[in-house]
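Written below as structure tokens is the structure these notes are about.
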Amino acid sequence: RPPQEEEEAAEVGWQEKLFSQFEVDLYRNESACQTPLDRQYHEEILKLEKAGGRKNHRIFTYTDHDRFTNLEEHCQKVTDSDHEVPSYLAERMANVRRRRQDRRPMEASALKSKIITWEPTEEFIKNNHVINTPVQTMYIMGDLGPYGKLGHREYEHVLCTIKVDGNGVITVKPDFTGSKGAYRIELDGEKREVWKYTIENVSVQVQPEEEEREQCVFRDLYGRHKEYLNGLVGSEFEMILPGTLRLFVNGEIVSAQGYEYDNLYVHFFLELPNQWSSPAFQQLSGVTQTCATKTVGWENMAYFCYPFTLDMFFTQGDESEDSLPQWPVLYFEVLSLDFWQRYRVEGYGSLVLPASPGLHVLTIPTWRPVELGTVAELRRFFIGGSPELEDITYVRIPSTFKGERLSRFGFRTETTGSVTFRLYCLQQSKAFLETSALRQRMQSVLDRLGGFSQQSSVYDVLEAFQRAWRRMQEARESLPQDLISTSASTA
């Protein structure tokens, strides 16, 4: 007699196999077993029958090795729409087995010789462009067929899905019932039967002794990893002497745009003023690769993405305590080289390194010297070459200039393109450690550098003040003496 209400409880462990009635009927016959897994299930079912049969009836499981797990992952949908069309990513993910990816260790002799794969195959794309996290899956199923007619596939329903990925994250869907009500499954049919089930976590709680032992193992592991990292970094750091400023620049020549000819490259070098120095191994100059341009908008752009590093020290002297120091200048020239090995100077420019730390993206315009007449331009077009600066520091005030006035009268130039730099500046000094509340006044230039985060604005203010003061002096000298004396007496 079929009971009015059926109740069944089963305690399931991770990857524990509970056979359904359909599997018992299928694997009982040895002729239906084709794979080693099928033959293993055949032996286990024979042992169960000798022991009195299976204890479960409606609740059973599919482990990570079963064929149902593969088919379920392949056929599952993202939405509940009947007309869903799988996307490109969904198709690729469905074709990839995401569990137990056996990756053979690559030997040193078997390294890839080709960096770029020009004609990738479909298998190559699947293996390299799809997220492939190893995951183990387990399904807890329910056979909701009529009483006495168990073992039909159409009555099998997924009660719970448990997944464990390679990072140790356990996903249970749906979640443990807890204080919530039981989950409901309504069957399609004449009777419209409703089944209710709950999911509880009955895992054995960890004993305090075992938990403390596990914490000790973790602490030991983390301690060893910390010692390993400390061994890689080291403990000997270069100390900065008082009165010394260290300027470290991680720079990048990003791009050049707006130039006449193609195949550009940039030659640059750093000029260190007085009281600045650099380590012996530091390279203060460099040349980028030759880069072809491409049209972006209305301009021809050459993307270099050329990195460089600058490390320099400023040592303060007695004579510079009351004055702002000169900052290092980066000089550069842009040149072009064509197919016939004809090179042309495309432009000169200079860049004062930023005085404030942080990220700075600067676009510097350039110019080049020109000669009058068409002969020079014809020579530049047909055989290459153009007027050049013998001393590139002539872009600003030359380092060898010792006079009071620098005249560039008669020197003809032409505006060309621009070069974009990206600079990451770091500053290190003991003066930065002192708090402003403990100081009555700024005692040194380094203190002022620590107090002003935008020293470039300080330079601009001082230069504007000096220009205004010179204009006032010139205007005062040009006035008649009697007017000056009258205004003074009136005041």
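Applying the condition of being touching a Lys or Arg at 6+ places or on another chain (Cβ under 9 Å) and either open to solvent by less than 70 Å² (accessible area, probe 1.4 Å) or under 19 Å from Val345 (Cβ atoms) (or both) to region 272-306 and asking which residue is modelled with the lowest pLDDT yields Asn300. Counting only strands (runs of 3 or more DSSP E) that sit wholly inside region 144-194, those with at least 3 residues that are surrounded by 15 or more Cβ atoms within 10 Å (Cβ to Cβ) are 156-165. No other residue among Val266, Val249 is under 25 Å from Thr400 (Cα atoms), touching a residue at least 12 places away in the same chain (Cβ under 8 Å) and part of a strand (DSSP E or B) apart from Val266. Note on region 283-299: residues that are in a loop (DSSP other than H, G, I, E, B) and in contact with a Leu (Cβ under 7 Å, 6 or more places away or on another chain) total 3.
Look through region 226-246, keep the residues that are free of Cβ contacts under 8 Å to residues at least 24 places away in the same chain and polar (S, T, N, Q), and return whichever of them is most open to solvent (accessible area, probe 1.4 Å). In this case the residue turns out to be Ser235.
For Arg246, are the conditions met, namely being over 30 Å from Gly347 (Cα atoms) and in contact with a Lys or Arg (Cβ under 7 Å, 6 or more places away or on another chain)? Spelling it out, it is not the case that Arg246 is over 30 Å from Gly347 (Cα atoms) and in contact with a Lys or Arg (Cβ under 7 Å, 6 or more places away or on another chain).
As a summary of the residue check, Ser436 satisfies the conditions (1) modelled with pLDDT of 60 or more; (2) among the polar types (S, T, N, Q); (3) open to solvent by 80 Å² or more (accessible area, probe 1.4 Å) except for the one numbered (1). Which one is nearest to the chain's Cα centre (by Cα), of the residues in region 69-81 that are at pLDDT below 75 and assigned to a loop (DSSP other than H, G, I, E, B)? Per the criteria, the residue is Val78.
Per-residue answers, yes or no, for (1) closer than 30 Å to Gly13 by Cβ; (2) outside the structural domain of Gly349 (by the TED database); (3) surrounded by 15 or more Cβ atoms within 10 Å (Cβ to Cβ):
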residue: Arg213; (1), (2), (3): yes, yes, no
residue: Tyr222; (1), (2), (3): no, yes, no
residue: Ile253; (1), (2), (3): no, no, yes
residue: Glu260; (1), (2), (3): no, no, yes
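Which pairs turn up if I take residues in region 52-66 that are part of a loop (DSSP other than H, G, I, E, B) and look for partners that are among the β-branched types (Val, Ile, Thr) and open to solvent by less than 40 Å² (accessible area, probe 1.4 Å) with beta carbon separation below 8 Å, at least 6 apart in sequence or on another chain? Listed by first residue and then by second, the contacts come to Arg54/Val24; Thr63/Thr69; Asp64/Thr137. For Glu388, state whether it is acidic (Asp, Glu) and either open to solvent by less than 10 Å² (accessible area, probe 1.4 Å) or at pLDDT 85 or above (or both). Considered against the rule, which asks whether it is acidic (Asp, Glu) and either open to solvent by less than 10 Å² (accessible area, probe 1.4 Å) or at pLDDT 85 or above (or both), Glu388 comes out as no.
Of all the strands (runs of 3 or more DSSP E) wholly in region 306-395, which have at least 2 residues that are aliphatic (A, V, I, L, M) and more than 42 Å from the chain's Cα centre (by Cα)? Output list is empty.
Take the residues in region 316-351 that are charged (D, E, K, R) and at pLDDT below 85, then tell me which one is farthest from Ser278 (Cα to Cα). By that ranking, first place goes to Asp322.
The values are calculated or read from the model by the stated rules, or taken from the named source; none is laboratory data. Bear in mind the structure is a predicted one, so any value in this text is a computation, not a measurement. Neighbour counts are summed over all protein chains in view; Cβ atoms, including those assigned to glycine, are modelled from backbone coordinates with ideal geometry. Each accessible area value is taken on the protein alone, full model and side chains, heavy atoms only, with ligands, DNA and RNA left out. Shrake-Rupley method; radii C 1.70, N 1.55, O 1.52, S 1.80 Å.
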